[in-house]
1. Quick check on the range 302-331: of everything there that is among the hydrophobic types (A, V, I, L, M, F, W, C) and in contact with a strand residue (DSSP E or B) (Cβ under 6 Å, 6 or more places away or on another chain), which residue is nearest to residue 123 (Cα to Cα)?
2. Residues that are touching a residue at least 24 places away in the same chain (Cβ under 8 Å) and closer than 27 Å to residue 227 by Cβ: which strands (runs of 3 or more DSSP E) entirely in the range 83-173 hold 3 or more of them?
3. Taking residue 47 as the residue in question, decide whether it is among the aliphatic types (A, V, I, L, M), assigned to a strand (DSSP E or B) and under 25 Å from the mean Cα position of the chain (by Cα).
4. Under 8 Å between Cβ atoms, at least 6 apart or on separate chains: pull out the pairs that start in the range 286-297 with a residue that is without any contact (Cβ under 8 Å) to a residue 60 or more places away in the chain and over 9 Å from residue 263 (Cα atoms) and end on any residue that is outside any strand (DSSP E or B) and among the hydrophobic types (A, V, I, L, M, F, W, C).
5. Does residue 84 fit the bill of being over 21 Å from residue 174 (Cβ atoms) and loosely packed, with under 12 Cβ neighbours inside 10 Å?
6. Out of the residues in the range 260-277 meeting the condition of being in a loop (DSSP other than H, G, I, E, B) and charged (D, E, K, R), tell me which one is farthest from residue 293 (Cα to Cα).
7. Is one or more of the residues making up the range 235-255 out of contact with any Ser or Thr (no Cβ under 8 Å at 6 or more places or on another chain), outside any loop (DSSP other than H, G, I, E, B) and either in the same structural domain as residue 195 (by TED's automatic domain parsing) or not charged (D, E, K, R) (or both)?
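The values are calculated or read from the model by the stated rules, or taken from the named source; none is laboratory data. The model shown is predicted, which means the values in this text are computed figures rather than measured ones. As a convention, Cβ positions derive from the backbone with ideal geometry for all residues, glycine included, and neighbour counts pool all protein chains shown.
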Amino acid sequence: MILKDRFYSPASLIHQMYHIRFFKVPAIKRAGKECDLQCVLTLTNDLGDDYFFGNADLQVSIRSHSKDHTKQDIIKQALIKWTPGMRACKCSVKFSTSTKVKSIQVEVDVTKSENHLDPDVISYFVPLFSTVVDLKGDYCTMEKLAVRKMLLSDKSTVEITEETGESIARHVWDAGLAMTQLLPGTWVPKFDTPSPKIIELGSGCGIVGIALARLFPKASLTLTDLDDATEVCTRNLRLNQLPNAKFECLDWDKRDNLSSNWDLVVATDCTYNTDSYNALLSTLDCLVGPRTTVLIAHKNRHEAEHLFFSAVADRFTLQSDTCESYHGQKVRIITFTR
């Protein structure tokens with residue numbers, strides 16, 4: 001069966017999705033109780049190659065944290081203006097603290113926006129959080145990380161850190177965000193065992209694998225990616241306290257000793273690089289056994305992706321092929337078996 005392109009052309013979309021990001025992470029100068037927080041913000045798509053062109057009000061909230069980092073009280077809020085043509089905007093917020101405030105976190109959201117290229121386009125902005133920083137000394141800076149918080153279908157919260165640099169491998173992508181909301185409502189896996197084994201390919205920050213581990217606590221999950229994703233992915237596993245999930249390095253070009261004893265293989269936004277298609281297909285050949293289901297979710301990036309799905313159709317048996325919408329982004333979800 002040929003897997004046809006189920007996406008609308010970009011021109012027909014009436015929604016756009018952007019990520020609020022730190023161009024420079026917050027730094028704080030202190031003089032007694034008086035503090036001056038400075039950072040640089042940007043509004044881009046998930047790949048970082050398209051900037052929001054319009055007006056936007058960015059609300060910056062500085063929150064205090066209790067000793068166990070659970071209670072959050074707003075210390076100060078400020079509104080920062082983003083205007084058409086910007087690629088970054090500076091943020092400076094002065095605030096006062098009491099001696100009881102030992103640590104803070106910065107939250108940034110967009111409260112109002114207007115796209116100047118097309119006023120009818122509805123833009124959604126993924127909220128941004130900093131890491132928590134302890135207020136010590138006259139100057140302190142936050143880690144070069146950003147935090148994303150997602151509410152899952154079971155009402156639990158997943159927190160994911162991503163790097164603020166330019167490596168796309170260690171950022172959260174749109175299809176990953178979508179899958180945290182679409183699972184298990186859109187596709188509910190039916191396992192033959194009460195303790196299924198799940199492996200994720202190209203985990204990156206680990207957002208999808210961590211959501212699956214939270215939603216299916218009796219499952220055993222292995223998140224995999226290249227070595228450069230080890231630090232950020234293992235950090236997120238520790239942050240979310242998941243005893244049923246672990247990270248392992250896996251290079252698709254080095255497939256020695258891969259087991260096919262999996263109930264589910266998951267890959268999200270792993271089809272953007274045509275050079276990796278043969279290696280990914282060969283890896284799937286090694287992992288997919290007689291009881292294995294494969295789930296692939298992706299946001300269409302370019303026309304050549306149909307080559308991968310045509311090759312999938314030649315090797316495997318299609319079970320489902322749907323197109324879901326997440327804040328206007330079309331995310332295709334296909335499942336197949338041996």
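1. Among residues in the range 302-331 that are among the hydrophobic types (A, V, I, L, M, F, W, C) and in contact with a strand residue (DSSP E or B) (Cβ under 6 Å, 6 or more places away or on another chain), the one nearest to residue 123 (Cα to Cα) is 331.
2. Values: elements: 89-96, 103-115, 122-126, 139-141, 145-151, 157-163.
In the range 83-173, 145-151, 157-163 are the strands (runs of 3 or more DSSP E) which contain 3 or more residues that are touching a residue at least 24 places away in the same chain (Cβ under 8 Å) and closer than 27 Å to residue 227 by Cβ.
3. Values: among the aliphatic types (A, V, I, L, M): yes; assigned to a strand (DSSP E or B): no; under 25 Å from the mean Cα position of the chain (by Cα): yes.
Criteria not met by residue 47.
4. Here the result reads 286/258; 296/270; 296/312, each pair linking the range 286-297 to a residue that is outside any strand (DSSP E or B) and among the hydrophobic types (A, V, I, L, M, F, W, C).
5. Details: over 21 Å from residue 174 (Cβ atoms): yes; loosely packed, with under 12 Cβ neighbours inside 10 Å: no.
No, not satisfied.
6. Filtering first and then ranking leaves 269.
7. First pass over the range 235-255, keeping only residues out of contact with any Ser or Thr (no Cβ under 8 Å at 6 or more places or on another chain): 237-238, 240-243, 251, 253-254.
With outside any loop (DSSP other than H, G, I, E, B) added as a condition, the list becomes 237-238.
After this cut, where a residue has to be either in the same structural domain as residue 195 (by TED's automatic domain parsing) or not charged (D, E, K, R) (or both) as well, the list is 237-238.
Yes.
This table checks each residue for (1) surrounded by 18 or more Cβ atoms within 10 Å (Cβ to Cβ); (2) under 25 Å from the mean Cα position of the chain (by Cα).
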residue	(1), (2)
77	no, no
90	no, yes
96	no, no
101	yes, no
105	yes, yes
108	yes, yes
113	yes, yes
116	no, no
120	no, no
